[in-house]
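Down below is the structure, laid out as structure tokens.
The values are calculated or read from the model by the stated rules, or taken from the named source; none is laboratory data. Bear in mind the structure is a predicted one, so any value in this text is a computation, not a measurement. Because the Cβ atoms are built from the backbone with ideal geometry, glycine has one as well, and the counts that use them run over all protein chains shown. When the accessible area is computed, the model is the full protein with side chains, heavy atoms only, and any ligands, DNA or RNA have been set aside. Shrake-Rupley method; radii C 1.70, N 1.55, O 1.52, S 1.80 Å.
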Amino acid sequence: MPSAPPAATRRATRAPRAALFLAVPSVLLLVLVAAEWRPLVGLDDDIARTTHRWAVGHAGLTRTARVLTDWVWDPWTMRALVTVVVLWLVTRRAWWLAGWLAATTLVGTLVQQGMKAAVGRERPEWPDPVDSAHFAAFPSGHAMTATVVCLLMLWLLRLYGAGALVWCAGLVVAVVSVVGVGFTRVWLGVHWASDVVEGMLLGGLTVAVAVMAYERFVPGEQRPDRVPRP
């Protein structure tokens, strides 16, 4: 009777399915936003008006949201985390993995900025703004960067065989970070809800494609999950 495939092989088979699962809604949402589909525009506007009214009326929550979005979940904070992990991997001589991690983060940033320039969607405008942001709105750079980095960290935990407690803690932090940063961007009135959703979808798609590339091109002897443990 054939034995079950190793965990690394099972994980590898999930990446193409995840990429397809994320690509379809991501492309669909891109088309709808580019076409300025009225039901979506109306929904975005309703959500934005409601959350902005709440943000103006709850100054304490709004200040907290600004701290979280500007410092805790800021894209540069996320990139700093990646830099620390890359340096740690270098000290362990995991050259391929360190390069792959850095490259994936860079590609995510380039995709995000390229789509912003291509779509050119305007951000919400308010007579009484509670925060400000620059560049185009779609997709949300905060949401996409947080999604990319959190998924990469979770994937690395799996790769290095993290225990159930560490994995669950990492999962909770990742979910809170991705959902939290998306919420703050809409709450502060600097993004439409669909900007945030697209950022999450694109972030997940970027990581799924990156994992596929890792499994295909990184030599087996350079992978931590293929190195026998004593």
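Accessible surface of region 112-205, 1.4 Å probe: 73 percent of it comes from carbon and sulfur atoms. Taking 20 °C and 1.002 mPa s as conditions, region 97-230 diffuses translationally at an estimated 133 µm²/s according to Stokes-Einstein applied to its Kirkwood radius (Cα pairs).
Take each of the peptides 96-106, 156-166, 74-84, 186-196, average the number of other beta-carbon atoms within 10 Å over its residues, and list them starting from the highest.
Values: 96-106: 18.6, 156-166: 13.0, 74-84: 15.8, 186-196: 24.9.
The peptides rank, most packed first, as 186-196, 96-106, 74-84, 156-166.
Sum -39500 (n - 2.57) across every DSSP H segment of at least 4 residues in the chain, then divide by the residue count to get the 222 nm mean residue ellipticity, nearest 500. Let's see the in-between values first.
Details: 8 runs with 167 residues, N = 230.
Calculated at 222 nm, the ellipticity per residue is -25000 deg cm²/dmol.
For the chain, what is the accessible area per residue in Å² when the probe is 1.4 Å? Each step should come with its number before you reach the end.
Numbers: 12740 Å² over 230 residues.
Accessible area per residue, the chain: 55 Å².
For region 80-230, averaging the sequence separation of C-alpha pairs within contact (under 8 Å, six or more residues apart) and dividing by the residue count gives a relative contact order of 31 percent. When each of the peptides 121-129, 26-34 is scored by the mean number of other C-beta atoms lying within 10 Å of its residues, the order from highest to lowest reads 26-34, 121-129.
Is there a quick way to get the dipole size of region 13-74? I mean about its Cα centre, with the Cβ of Lys and Arg at +1 and of Asp and Glu at -1; what is the value in debye to the nearest 20?
Details: 7 positive and 6 negative charges, 42 e Å.
Using only the charged Cβ atoms, the result is roughly 200 debye.
When a 1.4 Å probe is rolled over the protein heavy atoms, the share of accessible surface on region 15-95 that falls to carbon and sulfur comes to 70 percent.
For region 81-117, applying the loop criterion from DSSP together with a ceiling of 16 other beta carbons within 10 Å to the trypsin sites (Lys or Arg not before Pro) yields Arg92, Arg93. Selection among Val179, Leu165, Val33 by position relative to the dipole of the chain gives Leu165 as farthest towards the positive end (Cβ unit charges, Cα centre).
If a spin label sat at a point 7 angstrom from the Cα of Arg92 along the line to its beta carbon, the backbone N atoms of region 153-175 nearer than 13 Å would be those of 153-163.
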